[in-house]
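All of the numbers you see were taken from the coordinates with simple rules; none came from a lab. Nothing here was measured: the structure is a model prediction, and the numbers come from that model. Virtual Cβ from ideal backbone geometry, glycine too; neighbours counted across all protein chains shown.
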Amino acid sequence: MDVANEEAIKQFQSLMEEVDEQLKNTFKNMHQGSPIETLVRFLKARDWNVAKAHKMLVDCLKWRIQNEIDHILAKPISPIDLYRAVRDSLLVGFSGYSKEGLPVIAVGVGLSTFDKASVHYYVQSHIQMNEYRDRVILPSATKKHGRHIGTCLKVLDMTGLKLSALNQIKLLSAISTIDDLNYPEKTETYYIVNVPYVFSACWKVVKPLLQERTRRKVQVLQGCGRDELLNIMDYGSLPHFCRRGGSGSSRHYGNGSADDCFSLDHPFHQQLYEYIKQEALLMEPVSLTKQGSVHVDVPEPSLEDAKIAKTIETEFHKFENRNGLANSSNGFKFTSD
């Protein structure tokens, strides 16, 4: 790290010493014993501009307090059938670790339907997975390897990505904005697999709009990406949709079994749900009954993110008109997390 960056960190530390106790407390819960590394993430997200990084972090801490994010892992989505519906329609899971010890997060972009629960439950579940990653998985990996591990790898499965009026672009933009502003620089690399033509066509237009540091993180792999990913992780950590020779469907492999890292029956999701239930009992030791979703304030997307979302929508409609297709679809967007 060069002298200028070290000086920026010192300035940022001094500014954070002046914030009030409530902000300091939520910052402590957020950084999990790695305050310097957390400051560096926010500095990177604002190109090492101390004033902008400080504003970003203070806004993030205020958002955490206003939305009780420190307690979100004690707020289960219940009953269990509702949580299963969320898991079946928001396809995200943890498949293992890379050879360097980074957690591998799998995302079924193309086959997530977001149609079995209200928007608030999907946002709540997404934030809970972020918080569990940051408070449990990453600290555990750091302890195991004896060095700081603060980022993950994401493998995005584009199987099933189709054309439509992009009903989900608003929800996905909301989730992306939450990650951009409150969980920056948490992803080391995005690996894109099972890519249909519609993605390839859209990617050519979206790629130039991304910030350079985000663009460098994205790797589009051939087919299911198995061979290339095996250079980075062992077979046991490959997401289920990468374990075949050709492209295939997340739904057609595993299909709700314990091998399917998206499924509630997968060990990771069982552990996560049990953790949240136990935290809830510690906070309020009463029987868990059905409760309303957690309503989290979603910040407005930046002009850059809004432009990317609009470009995706435009390109999908062009493709739709060219091909005379009208299928259901999901939007997608990369963030700088």
- Message: Quick check: residue separation of Lys116 and Glu21 times 0.36 nm, minus the Cα distance between them. What number comes out in nm?
- Response: 30.2 nm
- Query: What does the convex hull of the Cα atoms of segment 17-109 come to per residue, in Å³, rounded to a whole number?
  - Reply: 155
- Over segment 3-67, what is the mean sequence separation of C-alpha contacts under 8 Å (at least six apart), divided by residue count, expressed as relative contact order in percent? 41
- Message: Counting other C-beta atoms within 10 Å, and keeping those with at most 15, which DSSP coil trypsin sites (Lys or Arg not before Pro) do you find in segment 31-110?
- Response: Lys99
- Message: At 7 Å along Cα-to-Cβ for each site, give me the label-to-label distance between Glu37 and Lys10 in nm.
- Response: 2.4
- Item | Non-local Lys pairs in segment 3-67, i.e. 8 or more apart or on different chains, that have alpha carbons under 19 Å apart | 13
- Amide H contacts of Ser98 (H built 1.01 Å from N, under 5 Å, at least 5 apart or other chain): Val104
- Task: Work out from phi, with θ = phi - 60° and the Karplus expression 6.51 cos²θ - 1.76 cosθ + 1.60, the ³J(HN,Hα) of each residue of segment 30-39, listed in order in whole Hz, and give x for Gly and Pro.
- Result: 6, 7, 6, x, 10, x, 5, 4, 5, 4
